[in-house]
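Enquirer: Got a structure here, written out as C-alpha cells. Questions coming.
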Amino acid sequence: MNRKSLREQVFKLLFRSEFNDPEEMEEQAQLFFDSGDLTVTEKDREYITGKCIRIVEKTPEIDAILDDKLEGWTIARLPKVDLTILRLGTYEILYDDDVPTGVAINEAVELGKRFGEDSSGAFINGVLAGVSGKEKSVKSDASGDGSEGGKSARSGSVSERKGETYITRRI
C-alpha cells in the first residue's frame, strides 16, 4: 500500500477516536481491519495502528496547538472530519520526520476535499500553514538539541481568512 493510501487508512481509524474512549481503540482497530473492506499486510496494519496510537497519545498537545491557530473557531465547534484531518496533519508536520511539511499539508488538504465539506480543503490549508510555522522549534525540541520552544525563526507564512477561504502568504 502506498503512503497516500496508508494515510487515508490512518485518518479513517483515527476518526473512530472521536466516538470511542482511548482504551477502546485497540478493539476499534481490530474491528476496522476485520470489516472486510480493507486488505492490508501485517506491516501496513502495524504502521496504521501505530501511527494512530501515537496521534491519540499526542492529541492534548496537538489540540492545544490547533486551538492557538484557530481564529473564530474552537476545537469543539470543528466538524469531526476536519478536526481528525487537522490532528493527522499537525502530527505529521510536528512529530513525523518521515513526512515533509509540504506533503503533510497537501495530503491533509486532499483528505479534506474528499471527506470534508466544500470549504474544508481551504480551511485545513490555512490552519496547517499556521502550524507549520512551529515546525522547527517543536522538532528541534524533540531531538533534544537544547533549543527553546516558541516561534521558529523560519516561520515564513501567515494565514488569514477572506470570507470562506483561508489565504496563506509568505512573509
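Every number here is computed from the coordinates shown, using simple stated rules; none is lab data. The shown structure was predicted, so the numbers you read here are calculated from the model rather than taken from an experiment.
Enquirer: Work out from phi, with θ = phi - 60° and the Karplus expression 6.51 cos²θ - 1.76 cosθ + 1.60, the ³J(HN,Hα) of each residue of region 3-15, listed in order in whole Hz, and give x for Gly and Pro.
Expert: Each residue of region 3-15 in turn: 4, 4, 5, 4, 4, 4, 5, 4, 4, 5, 5, 4, 4 Hz.
Enquirer: Let me ask something else about it. Step by step: find N for region 59-131, compute 2.2 N^0.38 Å, then divide the Cα radius of gyration by it. What's the final number?
Expert: 0.97
Enquirer: Across region 48-62, in residue order, what do the Karplus-derived ³J(HN,Hα) couplings come to in whole Hz, using 6.51 cos²θ - 1.76 cosθ + 1.60 with θ = phi - 60° and x for Gly and Pro?
Expert: 4, 5, x, 5, 4, 4, 5, 5, 4, 5, 8, 3, x, 5, 4
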